[in-house]
Every structure is written in C-alpha cells, then in structure tokens.
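The values are calculated or read from the model by the stated rules, or taken from the named source; none is laboratory data. Please read these numbers as outputs of a predicted model, since none were measured by experiment. Don't worry about glycine lacking a Cβ; one is built from the backbone with ideal geometry, like all the others, and counts go over all protein chains shown. Heads up: the accessible areas ignore ligands, DNA and RNA and are worked out on the full protein's heavy atoms, side chains in. Shrake-Rupley method; radii C 1.70, N 1.55, O 1.52, S 1.80 Å.
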Amino acid sequence: MVQAVPFFIGFSHYPQLALHVPDGFLNLPVTLITWVVSIALIALSLNKVQAEYKERTVPLMGVCAAFIFAAQMINFPIPGGTSGHLMGGTLAGILLGPWAGSLVMSVVFIVQAMLFQDGGLTALGANIFNMGLIGTFAGYYLYKVIRSSIGMNRWRGMSVASAGAAWISVVVAAIVCAFQLALSGTMPLGVSFTAMTGWHVLIGIGEALITLVVVSYIWRSRPDLLFDPPRRRAMDTMPRAISSR
C-alpha cells in the first residue's frame, strides 16, 4: 500500500491516495457501512475460528500477526518519491485460512491505528474492510482457485497462486478504496481510480514477491503449516534450486 504521508501529488489540489485512509476523507454513510460490514465479518470470523479451528491455530495466529506487523514496518521505494509496504492479507489467508487470517489482519490494523496513527480512527472500519477483509478473503479464494486449476500439490500451482492472488488483492482493495473516496465526495472517481490503481499496480508487485518468498520457505521447510497443505508427494515436484537447503 502507499505510505500514508503528505496527501498531495500532481493532480492539482487532490490528495495522494493511500489505502490507510485518514480521518475526514470518508462521509458518514460510507464510514457507517464499512464499520457495520467489518464488525459483522469479524464477529462471524470469531465464531468460525472458535467452532472449526484447532487449538494449535491460536499460537500460529499470534506468530503470523507479529510477522505481518513487523514486515509492514519495512518500506520499499516506488517511482514518484513515495514508498509501499506489505499488506499481508493474502499471506495470512494462505497460512491460516480466510477466517483466522481476517482476524489477524484486523488486529494488525487496529494496533497500527491506535498506536502509530496509521490511518484514521473513524476510518478504521473502512481500512479493516479494504485491507484486512478484502485482502484476506478475496486473496485466499482467488489463491485457492488458481492453485486448484494449476495443481494443488504442485509447486508451480502454489507459486503462481500465491503471487497472483497477492497482487490482485492489493489492486482490488485499491479500487474499492477509490470508489469509497468518490462516493464520499472527496474527489472525482476518475482521479481516485487512476491514482489508486496506478500506484497499487506497482505496490502489488512488491506484495506478490514478499508473499512468494515467505510461502516458498514454508513450503520447503514446514508445508504442514499451510492452511491447505500439499500432499507429501508434491515436494518431489519442487524445483531443485528451491528444494535444496
């Protein structure tokens, strides 16, 4: 996502667009709708995790949350004098599944908003919806579709699905955010859509690479930690360079 720093670019007086939406950029209806949807999905996720997930998932959720939080502190530069960092929703879904992954992402964004003022408190519902819920649910199910079509137990299926879903989830979250800003009257849809997709097409590349590196390491060392682990025979299909230690 684009670093939420001075909100001005070359579009005259229009603000630079970031997925961490600050206070005052969304109107009341958009703010309330995103809050309601986010709270409902978080509550549903809590019920799903309590009912269906095994106890060993809980410590893994903590480790995953800590890793994503730390990884988001590392920024990578993109053209135009700004920077991006890992969003992590697809990665959380690949490791924990969509329900537990969405809870992890929600906690990460709540901590960021409360302690680091990364995004506004009134816009927290929208930020959780855009980056946590869309990033996790859309990213995970897209990953699952791509992986199933190429090969659930093949490294090529895992790698293409991880990178592709991570990239697309960032772009989709940016598009949704652009529509929210336009509906709020912050700026015209053409400006918000162009700016958001333009930046996040690039940032999504970084998201895809980071997700691929992490998933490839887990596939090589502890594939059982993946939410949809490959069968043991799948390890034989990995490229020699990846499977060698």
**Asked** Which of the residues spanning the range 8-36 are loosely packed, with under 14 Cβ neighbours inside 10 Å and at pLDDT below 85?
**Response** F8, G10, S12, H13
**Prompt:** Counting only residues that are at pLDDT below 85, surrounded by 15 or more Cβ atoms within 10 Å (Cβ to Cβ) and among the aliphatic types (A, V, I, L, M), how many does the range 37-67 have?
**Reply:** 1
**Fill in**
Residue pairs within 6 Å by beta carbon, gap of at least six or interchain, first lying in the range 203-222 and open to solvent by 50 Å² or more (accessible area, probe 1.4 Å), second among the basic types (K, R) and not in a helix (DSSP H, G or I), listed first then second, are none
**Request:** Report, by residue number, each residue of the range 118-148 that is among the hydrophobic types (A, V, I, L, M, F, W, C) and within 23 Å of N27 (Cβ to Cβ).
**Result:** L121, A123, L124, A126, I128, F129, M131, L133, I134
**Request:** Of the conditions (1) over 27 Å from Y53 (Cα atoms); (2) outside any helix (DSSP H, G or I); (3) of a type outside the set (A, V, I, L, M), F227 clears all except one; give me its number.
**Result:** (1)
**Request:** Would you mention how many residues in the range 152-176 are open to solvent by 10 Å² or more (accessible area, probe 1.4 Å) and more than 15 Å from the chain's Cα centre (by Cα)?
**Result:** 7
**Message:** Whether any residue in the range 200-220 is in a helix (DSSP H, G or I) and closer than 22 Å to V30 by Cβ is what I want to check.
**Reply:** yes
**Message:** Please go through (1) surrounded by 24 or more Cβ atoms within 10 Å (Cβ to Cβ); (2) at pLDDT below 90 for A195 and return the number of the only condition it doesn't satisfy.
**Reply:** (1)
**Asked** Regarding L95, is this residue open to solvent by 40 Å² or more (accessible area, probe 1.4 Å) and at pLDDT 90 or above?
**Response** no
**Item:** Scope the range 98-132; condition free of Cβ contacts under 8 Å to residues at least 12 places away in the same chain, in a helix (DSSP H, G or I) and of a type outside the set (F, W, Y); matching residues
**Value:** M114, L115
**Prompt:** What is the number of the single condition among (1) of a type in the set (A, V, I, L, M, F, W, C); (2) more than 23 Å from N27 (Cα to Cα); (3) touching a helix residue (DSSP H, G or I) at 6+ places or on another chain (Cβ under 6 Å); (4) in contact (Cβ under 8 Å) with a residue 60 or more places away in the chain that A178 does not meet?
**Reply:** (2)
**Request:** Test A166 against the stated conditions and say whether it is touching a Ser or Thr at 6+ places or on another chain (Cβ under 7 Å), part of a helix (DSSP H, G or I), over 30 Å from P229 (Cβ atoms) and in contact (Cβ under 8 Å) with a residue 24 or more places away in the chain.
**Result:** no
